[in-house]
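The structure under discussion appears below in the form of structure tokens.
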Amino acid sequence: MDPNQPESTSTTKKWLIGCGIGCGAVILIVGVLIVGGVFFVRDLVRGFEESEAIRETLTERYGRVTEFTPAADGAIPRDRINEFLEVRDHMRPALERLEKDIAFLSDEVENRGDPDARRGGVLSKVRAGFGLVPKLAEFLTARNQALLDGGMGLGEYFYIYAIAYYSWLGKDVLDGPPFNLMGDEGGYRYRDRSDEESEEMRRDLMTRRLHRMLSAMLKNQRDAADGAEPAVSEEWREALNAEIEAMDADRYRLAWEDGLPEVITKSLAPFRSRLNDSYRPLLNSLEITLDQN
């Protein structure tokens, strides 16, 4: 790497070539980006700063993600599921804008070996690709603000997301775009999802992240159940202890992956259609990994 070449410019060039853009076009586009880069970075930093500021407020008010404690008796209160769905409704415009660009770039990846199947030109791909990052900031800000306005912490949000979509509706943790947003050096690059090794690595990463988060939450729930007044049912206590033991024995296990207890199923059942409609397969991997600390 040229030591005199700015790191951001080098990353940009690699990303553009990864999109299938020729070197001649890269030189022209990088030149334009250098001129306009100051304004782009300034606005981008502002977007993430806003998201982070709201996140800090959420953490101060509701605790870290792994500190969330589900209801001691196992039920998910109806008003909390409603609030989860309202948060997703408020996020919808930001999600749709992000989804549109990812869908366009996904189509480019799927058809990169077929020139006749490609849509748009160089500038369309560049616009969509560079638009992803500010749209990610917009998504995070919209979600965090909706949570703050609705009185829900990130931990509770992720808990309902994982239990409803993965454990109950059977959505795949690998749902997402057919490319990785982050490369080995922090730059953007594409990777074919048909690569079995790549897919296995992504699944391991996703399941371990979810496992750590949900395992901590279930242990918080067990502590709450031990001191609950009135006492929770023995059937629920046994099921919860058994699930915690199963998760401790398998670091890739998701919560309740063998089937939800009846008390949780009863909570979710009235919302099946709304929950299913609110799920965005193309954005799943981004939704569950971004800003999850």
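With surrounded by fewer than 12 Cβ atoms within 10 Å (Cβ to Cβ) and modelled with pLDDT of 95 or more as the only criterion, which of GLU245, GLU234 stands out? Selected residue: GLU245, the only one of GLU245, GLU234 that is surrounded by fewer than 12 Cβ atoms within 10 Å (Cβ to Cβ) and modelled with pLDDT of 95 or more. Take the conditions at pLDDT 80 or above and part of a helix (DSSP H, G or I) and apply them to GLU108. Does it pass? Against the criterion (at pLDDT 80 or above and part of a helix (DSSP H, G or I)), GLU108 does not qualify.
Output the residue which, of all residues in the range 239-293 that are small (Gly, Ala, Ser) and not in a helix (DSSP H, G or I), is farthest from HIS90 (Cα to Cα).
GLY259
Per the listing GLY170, GLY183, GLY153, GLY187, the residue uniquely among the small types (Gly, Ala, Ser), in contact with a Lys or Arg (Cβ under 8 Å, 6 or more places away or on another chain) and modelled with pLDDT of 95 or more is GLY153.
So, LEU98, is that one modelled with pLDDT of 95 or more and out of contact with any Gly (no Cβ under 7 Å at 6 or more places or on another chain) or not?
Working: modelled with pLDDT of 95 or more: no; out of contact with any Gly (no Cβ under 7 Å at 6 or more places or on another chain): yes.
Against the criterion (modelled with pLDDT of 95 or more and out of contact with any Gly (no Cβ under 7 Å at 6 or more places or on another chain)), LEU98 does not qualify.
All told, ARG272 falls short of being in contact with a Pro (Cβ under 7 Å, 6 or more places away or on another chain), surrounded by fewer than 19 Cβ atoms within 10 Å (Cβ to Cβ) and either within 30 Å of GLU96 (Cα to Cα) or at pLDDT 95 or above (or both).
The values are calculated or read from the model by the stated rules, or taken from the named source; none is laboratory data. Keep in mind the model is a prediction, meaning the values are calculated, not measured. So basically every Cβ, Gly included, is an ideal-geometry build from the backbone, and we count neighbours across all protein chains shown.
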